[in-house]
Protein chains: 2
Amino acid sequence: MSENQRDRADITEVARLAGVSASTVSRAFNHPDLVKLTTRRRVERAVEELGYIRNRAAQAMHGKRSATIGLIVPTVNNAIFSELIQSFTDAVDREGFTILIAAHGFDLRREYAMTRKLLEHRVDGLALIGLDHIEATYTLIQRQSVPAITIWNHAPGSRLPAFGADNFDAGSTAAQYLIDRGHREIGLIFPPTPENDRARRRLEGALSICASEGISIPDQWRLEAPYDLERSKQAARDLLNGETRPRALICGNDVIAQGAVYGALEAGLTLPGNVAIVGIGDFPGSAEMVPGISTVRLPARRIGRMAGSKLCEAILTNRLGQIESHRFVVEMIARSSS
Amino acid sequence: MSENQRDRADITEVARLAGVSASTVSRAFNHPDLVKLTTRRRVERAVEELGYIRNRAAQAMHGKRSATIGLIVPTVNNAIFSELIQSFTDAVDREGFTILIAAHGFDLRREYAMTRKLLEHRVDGLALIGLDHIEATYTLIQRQSVPAITIWNHAPGSRLPAFGADNFDAGSTAAQYLIDRGHREIGLIFPPTPENDRARRRLEGALSICASEGISIPDQWRLEAPYDLERSKQAARDLLNGETRPRALICGNDVIAQGAVYGALEAGLTLPGNVAIVGIGDFPGSAEMVPGISTVRLPARRIGRMAGSKLCEAILTNRLGQIESHRFVVEMIARSSS
DNA sequence: AATAAGAATGCAAATGTTTTCATTTTCGCT
DNA sequence: AGCGAAAATGAAAACATTTGCATTCTTATT
């Protein structure tokens, strides 16, 4: 039985109690300057007494904003995007928006489905990670004419405003760094790249530098591992236990680099003596680890903050479609792993 | 200029194009079995052609569900909750719900504000972390009669259904483990506990075991550090560089334990020879680290999955308010840090 | 004290759906 | 063919707000 007595007060009840019309209550919330101080007080008291909570859904129906922003990420599972998500969330929260979040697990078809889902909720803006998306996702966003941005990678000619670092640059920076220190026997551990433009660009950057320096990387020194400590640790162990092993390792990101360092340590190698390892990202933990991980810093917090505030700004000022991309510079951080 | 021509089709346009009434279109979405196959096809074609996306906000206004669930966490920033969030998100996604997420930074007043915010969006359910919340938050939830659960800690007498482990138990398990191995000189590094029931219970658990074993812990061996690698590393270094140093360390969670291990390594100590370290949580990375961190496992994925699916179930079947708490057992994982 | 301007408020329409109830269509039988 | 039942559809009300327009109340000015 237990009748679900959801007696949530609505605006008319508040109005009745305050002895005003519903319009006035609405105005008291949305345009407080239009209502006399004393009545505003009365409304506030009624709101308090009834425990009224305004209904954003009903607002949103009015062509008003839903005050939500959709954020679609590959995963929230590890350190990769956590700083980014946190700073993005903080930035939009400051403007009164709430995040609708969805994770697709590096599957771009699922990403499309989640995009649809978030659009059903009439998010006021949308943020995706990276530049690789299926055509359907792009056209969906375009047709709905919802302000959308892309975070984490920056490349010329991107179809949506992009806030991120040039990942080609990141990859080549890592490679150049090792080469500058005299390394020529270089191995690579990267995740699958077909649906991951960030990793792909990094890999391309690293390979292009190697090529231009006349360094070729044998196939058995090019391993694939997902962004997962256990798997990357295993990959590194495999690579470093081979009869011929590279003297340096470029990793697709810092999760892989962390795994690789552990793998190397367990294989009884010393860093950087026996093998040098560099990562990309400068994730939480990379600085504190012993040995600290040499890495190419992507300024996640700054990227998230700017992406969030620029998106909000575009929404609030109705300057849609003219969000300017921003390229963040990467920086090589040398630590003791290399 | 650039007239923002948001020509988003609505249900009546779809109806017009399909040559049916709006009701039929609505039914085609919500009760497909009630509409003839051929007209359903026609509707689908119209939907496709117009790029129509249904408006959940308008649905929600109908007393129908908003199909969103609010998740309020202290932080998404590091590894603490990432597994939990991911598994919770996956679980509710499977049932067609989307997550509205908010992070309050371990500030329970902000948590209250975010709770309000999410209720404005008419979330169908709400999940909070831990049992410490200000009174206003509890009454708010009660008054709105929104199904709400609590994740991560389980303690008798909790005011909301709780899905989590008994953190007192976790703390005492860690202490008992060290004591069983003959340790009596034990130090503690915990975060501030006033607004953090999980950490508080763990600390109480550890202290109670020590007390019952006749072990007293001097004040200078009890340090406070937030869940932050850098700070906890520093704390551990301070502690272990003192003229008298403990031979074992219990850490408030694995983030602190990881920092402590790094601190110990940098202080030139060997583990577990010079100092044994145990954490709580078994976060990602604790197993892979070298040395691996001995820790009390809290089954984050299982907790998140069950919490998500139980909450959805309650919402979908309208069995609100009768969600059953579930206590997950903890398990000591011995690795090489102790 | 009368008036005009401006401030404050209320009325009613509009928003995009879902759902109940009524009506129409279809279909199987005789 | 015609009937009744069942299936399919439509009309209209309802949901909780916002807002344009109209009305009423204040206040300052003469």
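Computed from the coordinates by the stated procedures, all read-outs in this text should not be read as laboratory data. Values in this document were obtained by computation on a predicted structure and should not be read as measured data. No Cβ is skipped: glycine too gets one built from the backbone with ideal geometry, and neighbour counts run over all protein chains shown.
Which members of region A:83-97 meet the condition of being in contact with a Phe, Trp or Tyr (Cβ under 8 Å, 6 or more places away or on another chain) and buried (at least 24 other Cβ atoms within 10 Å of the Cβ)?
Once the filter is applied, which keeps residues that are in contact with a Phe, Trp or Tyr (Cβ under 8 Å, 6 or more places away or on another chain) and buried (at least 24 other Cβ atoms within 10 Å of the Cβ), region A:83-97 yields only A:Leu84.
From B:Leu311, B:Leu320, B:Leu265, B:Leu316, which residue is within 28 Å of B:Val123 (Cβ to Cβ) and out of contact with any helix residue (DSSP H, G or I) (no Cβ under 8 Å at 6 or more places or on another chain)?
Just one listed residue meets the conditions, B:Leu316.
Given (1) surrounded by fewer than 16 Cβ atoms within 10 Å (Cβ to Cβ); (2) part of a loop (DSSP other than H, G, I, E, B); (3) among the hydroxyl-bearing types (Ser, Thr, Tyr), where does B:Tyr52 come up short, assuming only one miss?
(1)
Go through region A:13-33 and report how many residues are free of Cβ contacts under 8 Å to residues at least 12 places away in the same chain, within 8 Å of DNA strand D (Cβ to nearest atom) and part of a helix (DSSP H, G or I).
Here the count works out to 4.
Listed residues B:Ser338, B:Ser286, B:Ser325, B:Ser294; which is touching a Pro at 6+ places or on another chain (Cβ under 7 Å), crowded, with 21+ Cβ neighbours inside 10 Å and over 20 Å from B:Pro218 (Cα atoms)?
Among B:Ser338, B:Ser286, B:Ser325, B:Ser294, only B:Ser338 is touching a Pro at 6+ places or on another chain (Cβ under 7 Å), crowded, with 21+ Cβ neighbours inside 10 Å and over 20 Å from B:Pro218 (Cα atoms).
Pull out all pairs, ordered by first then second residue, where Cβ-Cβ is under 9 Å, the residues are six or more apart or on different chains, the first lies in region A:213-226 and is under 9 Å from A:Ile189 (Cβ atoms), and the second is among the aromatic types (Phe, Trp, Tyr) and crowded, with 16+ Cβ neighbours inside 10 Å.
Correct list of pairs: A:Arg222/A:Phe190; A:Leu223/A:Phe190; A:Glu224/A:Phe190; A:Ala225/A:Phe190.
Which one is surrounded by the fewest Cβ atoms within 10 Å (Cβ to Cβ), of the residues in region A:65-80 that are facing another protein chain (nearest Cβ under 10 Å) and more than 17 Å from B:Phe88 (Cα to Cα)?
A:Ala67
Could you check region A:103-124 and list, in sequence order, the residues that are within 28 Å of A:Arg202 (Cα to Cα) and buried (at least 22 other Cβ atoms within 10 Å of the Cβ)?
If the condition is that a residue be within 28 Å of A:Arg202 (Cα to Cα) and buried (at least 22 other Cβ atoms within 10 Å of the Cβ), then A:Ala103, A:Glu111, A:Met114, A:Thr115 are the ones that fit.
Given the structure, is A:Ile129 under 17 Å from the mean Cα position of the chain (by Cα), buried (at least 22 other Cβ atoms within 10 Å of the Cβ), within 11 Å of chain B (Cβ to nearest Cβ) and within 25 Å of B:Ser87 (Cα to Cα)?
No; evaluated as a whole, the condition is false for this residue.
Taking region B:23-34 only, how many residues are within 8 Å of DNA strand C (Cβ to nearest atom), within 16 Å of B:Glu48 (Cα to Cα) and either within 14 Å of chain A (Cβ to nearest Cβ) or small (Gly, Ala, Ser) (or both)?
Number satisfying all stated conditions: 2.
Here is a list: A:Arg327, A:Arg305. Which entry is within 14 Å of another protein chain (Cβ to nearest Cβ), basic (Lys, Arg) and touching a residue at least 40 places away in the same chain (Cβ under 8 Å)?
None of the other options fit; the residue is A:Arg305.
Give the number of residues within region A:92-117 that are within 7 Å of chain B (Cβ to nearest Cβ) and in contact (Cβ under 8 Å) with a residue 24 or more places away in the chain.
7
Give region B:254-278 a look and list any residue that's touching a residue at least 40 places away in the same chain (Cβ under 8 Å), crowded, with 24+ Cβ neighbours inside 10 Å and within 14 Å of chain A (Cβ to nearest Cβ), or say none.
B:Asp254, B:Val255, B:Ile256, B:Ala257, B:Ala260, B:Val261, B:Ile277
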